[in-house]
Number of protein chains: 2
Amino acid sequence: MSVPLGPGLTCDEAGWLLVERGWDPDRSVAAGSNFLCGNGYLGYRGTTPEQGPDEFVALVVSDTYDCADGHWRELTTAPNPLFVAAVVDGETLAARSAPEVETSLDLRTGTFGARFRSRVDEAELVVEVERFASADDLHVLAQRWTLRADAEVTVEVDARIDDRIWSLNGEHLPDVHLAADDTVLTATGTTVESGVEVAVAARVVGPTGAVTVPAGGEIVIETTAAVVSSNDVDDPSAEARRRAGAAGYDERAEASAARWAEIWAAMDVTVEGDVADQVGLRFSAYHNRICTPAHTDRLPIGARGLSCQAYQGAAFWDQEVYNLPAFLFTEPEIARSTLVYRHRTLDGARRKAARLGYDGAFFAWISGDTGDELCPDVFFTDVLTGRPIRNHFNDWQMHVAPDVVTMIERYLDVTSDERFLVDHGAELAFEVARFLHSFVRYDEWRGVYHCIRLLGPDEWHENVDDNAFTNHQVRKALAFAVETHERLTADHPDALAELTDRIGLRPEEVDGWRRVRDRMLLPQPDDDTDLIEQFAGFFELEDVRPDEVRSRLLDPGEYWGWPNGVAVATQVSKQPDVVMLLWQQADAFGDDVARANYEYYEPRCAHGSTLSHAAHGMVAVRIGEIERAHDHFRRTAMVDLLNTAHAVVGGTFIGGIHTAACGGTYQLAVNGFGGLDVDGDRLTIDPQLPAAWSGLSYPVRWRGLGLRVRITGDAIEITADHANDASVRVAVRGVELDVAPGATASG
Amino acid sequence: MSVPLGPGLTCDEAGWLLVERGWDPDRSVAAGSNFLCGNGYLGYRGTTPEQGPDEFVALVVSDTYDCADGHWRELTTAPNPLFVAAVVDGETLAARSAPEVETSLDLRTGTFGARFRSRVDEAELVVEVERFASADDLHVLAQRWTLRADAEVTVEVDARIDDRIWSLNGEHLPDVHLAADDTVLTATGTTVESGVEVAVAARVVGPTGAVTVPAGGEIVIETTAAVVSSNDVDDPSAEARRRAGAAGYDERAEASAARWAEIWAAMDVTVEGDVADQVGLRFSAYHNRICTPAHTDRLPIGARGLSCQAYQGAAFWDQEVYNLPAFLFTEPEIARSTLVYRHRTLDGARRKAARLGYDGAFFAWISGDTGDELCPDVFFTDVLTGRPIRNHFNDWQMHVAPDVVTMIERYLDVTSDERFLVDHGAELAFEVARFLHSFVRYDEWRGVYHCIRLLGPDEWHENVDDNAFTNHQVRKALAFAVETHERLTADHPDALAELTDRIGLRPEEVDGWRRVRDRMLLPQPDDDTDLIEQFAGFFELEDVRPDEVRSRLLDPGEYWGWPNGVAVATQVSKQPDVVMLLWQQADAFGDDVARANYEYYEPRCAHGSTLSHAAHGMVAVRIGEIERAHDHFRRTAMVDLLNTAHAVVGGTFIGGIHTAACGGTYQLAVNGFGGLDVDGDRLTIDPQLPAAWSGLSYPVRWRGLGLRVRITGDAIEITADHANDASVRVAVRGVELDVAPGATASG
């Protein structure tokens, strides 16, 4: 039995296999992203083997940043090693034109499938495809292509590396060199600006050229391919050939599936009672995992992962706030390496700060391999006038800097990883504190520090002052920097001395951080209404709802935001910063405040960002609005599967997987409904399930210990791994339990 | 002999009489403004008596601010008491349709003239009109209308108060009550929001109704009219009737002309060698005088004076920087009362500061009778989208506050009016200093105070930081406030004690002003290029010229400025703030700096403001570029006469007389070419005449003494008034002279 999810889209009852029937060109951008094969090193879009660049085929390779058009630095898309086409009577058998098409993604092993049936004269021809990106050898892609015919037919089989490349912003590999030896095809090219050599190799096993298929017979083409760049090895071409030829399809498939089993063991959450939610959650976990370069601490998590080149294969604040926390209780080493990435790219952030006239480190709004700012000054176009719009995402949306630091604090709370603090966290915190101290401006008259000219998470309202989210995050980051300095002074004086010397830190700088921490203007709940103003003057803006604002559009493709969009002079937000604040600093405000602000801001929010629903869902859970939280969950989990977001805004392609929504979905399931948190040296579990969920179960990895939480109705069961070397202390709805290795406790 | 000025426009050789031939509907807005009769209390547009509201007839009355449309507060236009129409065979004799039309303005007496010739059947009919606003009784308008016929003709003469009213923004007098007694007609109405009663009375002398004119005969209608409001007297209707009936046309004309003779004696500048420059200069002096409410210290000088309702009959920074200085050496009591106006409206400026979260007094960008901000948040419309544009003239263009204070300093330098300082200037300076201290923001990291989020005189670049003009003006205003405090401490301790007590001034506030004065970020000339950057980041903007920017317009009516106009991302300015700075703070920078910046900024300036050329001209004189200065002079003097400015920008009507250009023209002639200035206790005269000017002569009134300066070629002659009670000390090209009463000295 298949379970319907949306038009043409179903899944199996176990919630592992996604199936899409039919071929809708309007969904081709989304479908190719949704059914992506990937592994954090590469992404291969869910397209069929005969397709080409006009149907958004892409092999996106990490660590290949290049600027080909003088404007956008982005990842390189490589030649396609999995191209296979069958031509009968001059016609290519194509999914696009087949009367019956089915594509699928088996989340359990990350295996893409396709099946399409065509009729040529008297013969019915069926093409079947199976493909995966290896979770075992990250350079490897493998594909099995099968053609079956019910009547004898002669086909021309073309299996090769296709060097026609879909690229968003310029040709990164202007000269691709194709070569072949006895067994392996190769395509090599060098990126136009950064000079990275990218090599793709494919071993094609099976009959090519003119092939006669007997009635009831089949042809099989197995391609094992590899991608390697000169950022990996000195001779990427040789290495690609070696890997492509090292093993056949079945051997590769087995090794990859085994690795996927381990990954799912660490992160799989099961939902009972709602298969759509189950598969949406798995889809999110899958994509959050394959967008993450878990194999290295040198690379960012892209806002669209490796599903296409959109958002430049680069990290935004989403990385820390949405993607990273989904690993904190599953594979905390990934959370760590994500933060180490920020440390490795500190010099880029220092260059940005210096360029803009600040001290310390100001993280790029769009951060690639070096940490230098990748966000162009101009990227939107006013659809009404054709004029470029100068947005200030890169210089005014500075909350990314404190956001990274507050996530360091969160990482330490969960992991207690003091070594990280000493080796990386302290330097990050200090350099950001320096930046913040140089950013804030003091108002002598009122004796407060202001943050001026901001862009908060609500990106439609630029150029605002004293944004509630930003100011509170700034204060929290400064407080953490001061605490870290005190902690290192007490516990790690030698390390502190070395760091102080290396970055030239002066004692009066730390005093400055203290002063700003203590006198920062922090928007507070109103005494009467409990409302926190999103930024200075927000409540004076026109108080209308999103539908009214939408009705004012002259063109459906208009950008709603600054400087002239329909939302700018109104209280309608892309996502409300105050709800973000209530999520990220939940402890700082009481339930009444959380409720008042959720109720005020939610109806005024257009949810114009895929980041919005997860934040709303977390706050809705906190105030006991579980069914509304469930609605937010569904919207964030299904944004890509149901293709509800825009692929193009203001003339800029922003398609691809919304990886932050994926991370947010996972957090909302486990930390929201599942109620998982940490309080000092114990885990806390305080679940509240949606009515539709009869059960929820999730694994936890915490400070070297493993356990699984199972919630069924009111019952909560904690099972500690046999392999644990100590008891786990867990507070279940406030009742503390110690769960011994192998034991199960109920709360 | 008449001297051509422009299409259809001439003047007499003496440079007093302006004549326009023909009737061009496209020039009707400008012509009606140019040939305005006015006296600082009222303005009556230069239209013919048979015209109505569709041809921009207007009687604009000062001190009648009213908001009728919920958006714009502006002066009221009153019913027209000078309406006269002659109807022959059902056709009104109209200038619009006459084959021959001539209108004129005799600047010497402010007398409007019109003459138009029509043919009806066999008869040639000539209408002649003479009209003036009394300079003697400011409530009075008088008009003589004559109809001559060369063949017998019967006309229907209609002379009355026309209650059809042209108003820009709503009906201010929705119910006009018309009445008549034996001799006088009256029209009374009450403004819709402010409740000001406005009464217009007209005594019409002459035959009305059906009148037969014999061949070679004439009919004459003399109208003496008066306008009075309830802000003048309790019973404006009675007062208007009284004044309308108090004297006939000739008696009124004689009294007014006598007063004009006194006014011209105080201000008339003669130019030899160029009649067009002569008349342009007189035109400017005339309008600068009649736009000024010299009879009161309660009212502002409007940016369009009383020539129409545009710019709300309200003062901008133009009042202090452009209009006021033209009186400093002619009628300094007018300069004084203009500054007293700022003092009287301090409470409005205090309310604005408080509303925006500042301390002290923040002068309105558009200041009417109360000093409250009249500038709406939204006034331009994006012509490409029809969307309103939120400009920040009212909250970001804060240089108006220091501009007023620096002009107080200038006024004191010229007049040495210590009483003014004690009674008004000190409070103004202190309250502005308070505002400035609360406005600036301290950057602890660099130890400097910034001005953030500014709009400088170059209004196309909003939201800029550390604008050179603004920051330097802020520092100068603070320095003056500190000096004033020190001076009062030493010389007027009782007055200071009273003021300190009244405004609650604390000693630490003055310390704060000192601190900001000493640590203000002051953009300085570059060591290599001598260039001063207009604002932080200006030199990073696209370096193109105005023609290139103009070529990018999609619609000729587009607003060029913030946020999305074609000039915003470029170095093209509406007027360059650095040139303004070099004019207003000439002493602060050397000649090389002045030259480098003039040469850099002038070609990048679109002269999109009528304020621009005067500033350029003053700096051009200073660096010896006299012919370029002369070109600037002509452009500023002729802006209205040649109608070179736009009457509508971004959908907003901004027609009318550019009174700031008028004041700028006068300053450029006398203080620029004429080289008049003051240095401590002596006048300084250091002229540089354009090649086309063989001579220049101007009157000076200075510290109670009168003199006249005559420059002919290299010769400079100073004649002191007989009535002087002391010698005048004058430094002529650096050589000091003492000129005794009645004596003439040559330099």
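The values are calculated or read from the model by the stated rules, or taken from the named source; none is laboratory data. From a predicted model like this one, the values you see are computed outputs, not experimental measurements. Positions of Cβ are backbone-derived with ideal geometry, glycine not excepted, and every protein chain shown enters the neighbour counts. Ligands, DNA and RNA are excluded from the accessible area calculation, which covers all protein heavy atoms including side chains. Shrake-Rupley method; radii C 1.70, N 1.55, O 1.52, S 1.80 Å.
Quick notes on this one:
- The selection criterion, being assigned to a loop (DSSP other than H, G, I, E, B), among the hydroxyl-bearing types (Ser, Thr, Tyr) and within 14 Å of chain B (Cβ to nearest Cβ), holds for A:Thr385.
- Residue in segment B:368-375 that is acidic (Asp, Glu), touching a Phe, Trp or Tyr at 6+ places or on another chain (Cβ under 8 Å), within 11 Å of chain A (Cβ to nearest Cβ) and assigned to a loop (DSSP other than H, G, I, E, B) present: no
Okay, residues lined up against (1) closer than 22 Å to B:His139 by Cα; (2) hydroxyl-bearing (Ser, Thr, Tyr); (3) open to solvent by 70 Å² or more (accessible area, probe 1.4 Å):
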{"position": "B:Glu156", "(1), (2), (3)": "no, no, yes"}
{"position": "B:Ala159", "(1), (2), (3)": "yes, no, no"}
{"position": "B:Leu168", "(1), (2), (3)": "no, no, no"}
{"position": "B:Leu173", "(1), (2), (3)": "yes, no, no"}
{"position": "B:Leu185", "(1), (2), (3)": "yes, no, no"}
{"position": "B:Gly189", "(1), (2), (3)": "yes, no, no"}
{"position": "B:Val198", "(1), (2), (3)": "yes, no, no"}
{"position": "B:Arg203", "(1), (2), (3)": "yes, no, no"}
{"position": "B:Ile219", "(1), (2), (3)": "no, no, no"}
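- Count of residues meeting criterion [among the aliphatic types (A, V, I, L, M), open to solvent by 20 Å² or more (accessible area, probe 1.4 Å) and touching a residue at least 60 places away in the same chain (Cβ under 8 Å)] in segment B:559-583: 1
- Scanning segment A:696-747 for residues that are without any contact (Cβ under 8 Å) to a residue 60 or more places away in the chain and open to solvent by less than 10 Å² (accessible area, probe 1.4 Å) yields A:Gly706, A:Leu707, A:Val709, A:Ile711, A:Ile716, A:Ile718, A:Ala720, A:Val728, A:Val730, A:Ala731, A:Val732, A:Val739.
- Candidate set from segment A:116-129 (those that are crowded, with 20+ Cβ neighbours inside 10 Å and not aromatic (Phe, Trp, Tyr)); member that is nearest to A:Val213 (Cα to Cα): A:Leu125
- Single match in A:His437, A:His424 (criterion: part of a helix (DSSP H, G or I), within 14 Å of another protein chain (Cβ to nearest Cβ) and open to solvent by 10 Å² or more (accessible area, probe 1.4 Å)): A:His437
- Residue identified as within 14 Å of chain B (Cβ to nearest Cβ), open to solvent by 60 Å² or more (accessible area, probe 1.4 Å) and farther than 30 Å from A:Asn564 by Cα among A:Arg419, A:Arg506: A:Arg506
- Members of segment A:486-520 found to be aliphatic (A, V, I, L, M) and either in a helix (DSSP H, G or I) or modelled with pLDDT under 95 (or both), listed by number: A:Leu488, A:Ala490, A:Ala495, A:Leu496, A:Ala497, A:Leu499, A:Ile503, A:Val510, A:Val516
- Single match in A:Thr659, A:Thr684 (criterion: of a type in the set (Ser, Thr, Tyr) and under 16 Å from the mean Cα position of the chain (by Cα)): A:Thr659
- Of everything listed in (1) more than 25 Å from A:Trp445 (Cα to Cα); (2) surrounded by fewer than 21 Cβ atoms within 10 Å (Cβ to Cβ); (3) within 14 Å of chain A (Cβ to nearest Cβ), the single unmet condition for B:His392 is (1).
- The set of residues in segment B:1-31 that are at pLDDT 95 or above and out of contact with any strand residue (DSSP E or B) (no Cβ under 9 Å at 6 or more places or on another chain) contains only B:Ala14.
- Hey, A:Asp458 under 28 Å from A:Asp491 (Cα atoms) and acidic (Asp, Glu) or not: no
- Subset of segment B:239-259 [assigned to a helix (DSSP H, G or I) and among the small types (Gly, Ala, Ser)]: B:Ala240, B:Ala244, B:Gly245, B:Ala253, B:Ala255, B:Ser256, B:Ala257, B:Ala258
- For segment A:516-547, taking the residues that are more than 24 Å from B:Leu356 (Cβ to Cβ) and free of Cβ contacts under 8 Å to residues at least 12 places away in the same chain, the one that is farthest from the other protein chains (Cβ to nearest Cβ) is identified as A:Asp547.
- Selection within segment A:461-474: residues that are touching a residue at least 60 places away in the same chain (Cβ under 8 Å) and in a helix (DSSP H, G or I). The member of this set that is nearest to the other protein chains (Cβ to nearest Cβ) is A:Val474.
- Qualifying residues in segment A:548-576 (those that are more than 12 Å from chain B (Cβ to nearest Cβ) and among the small types (Gly, Ala, Ser)) - the one farthest from A:Pro523 (Cα to Cα): A:Gly557
To keep it simple, each residue is scored yes or no on (1) surrounded by fewer than 24 Cβ atoms within 10 Å (Cβ to Cβ); (2) of a type in the set (A, V, I, L, M, F, W, C); (3) part of a helix (DSSP H, G or I); (4) in contact with a strand residue (DSSP E or B) (Cβ under 6 Å, 6 or more places away or on another chain).
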{"site": "A:Gly280", "(1), (2), (3), (4)": "no, no, yes, no"}
{"site": "A:Ala294", "(1), (2), (3), (4)": "yes, yes, no, no"}
{"site": "A:Asp297", "(1), (2), (3), (4)": "yes, no, no, no"}
{"site": "A:Pro300", "(1), (2), (3), (4)": "no, no, no, yes"}
{"site": "A:Ala303", "(1), (2), (3), (4)": "no, yes, no, no"}
{"site": "A:Leu306", "(1), (2), (3), (4)": "no, yes, no, yes"}
{"site": "A:Pro325", "(1), (2), (3), (4)": "yes, no, yes, no"}
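- Just one of the listed residues (B:Gly561, B:Gly565) is under 25 Å from the mean Cα position of the chain (by Cα) and assigned to a loop (DSSP other than H, G, I, E, B), namely B:Gly561.
- Complete set of residues in segment B:327-365 that are in a helix (DSSP H, G or I), among the hydrophobic types (A, V, I, L, M, F, W, C), open to solvent by less than 10 Å² (accessible area, probe 1.4 Å) and closer than 24 Å to B:Arg506 by Cβ: B:Leu346, B:Ala349, B:Ala353
- Matching residues, segment B:440-460, being more than 9 Å from every other protein chain (Cβ to nearest Cβ), out of contact with any helix residue (DSSP H, G or I) (no Cβ under 7 Å at 6 or more places or on another chain) and either open to solvent by less than 10 Å² (accessible area, probe 1.4 Å) or on the phi > 0 side of the Ramachandran plot (or both): none
- When every residue of segment B:489-497 is checked against the conditions, none turns out to be without any contact (Cβ under 8 Å) to a residue 24 or more places away in the chain, under 16 Å from A:Asp443 (Cα atoms) and not charged (D, E, K, R).
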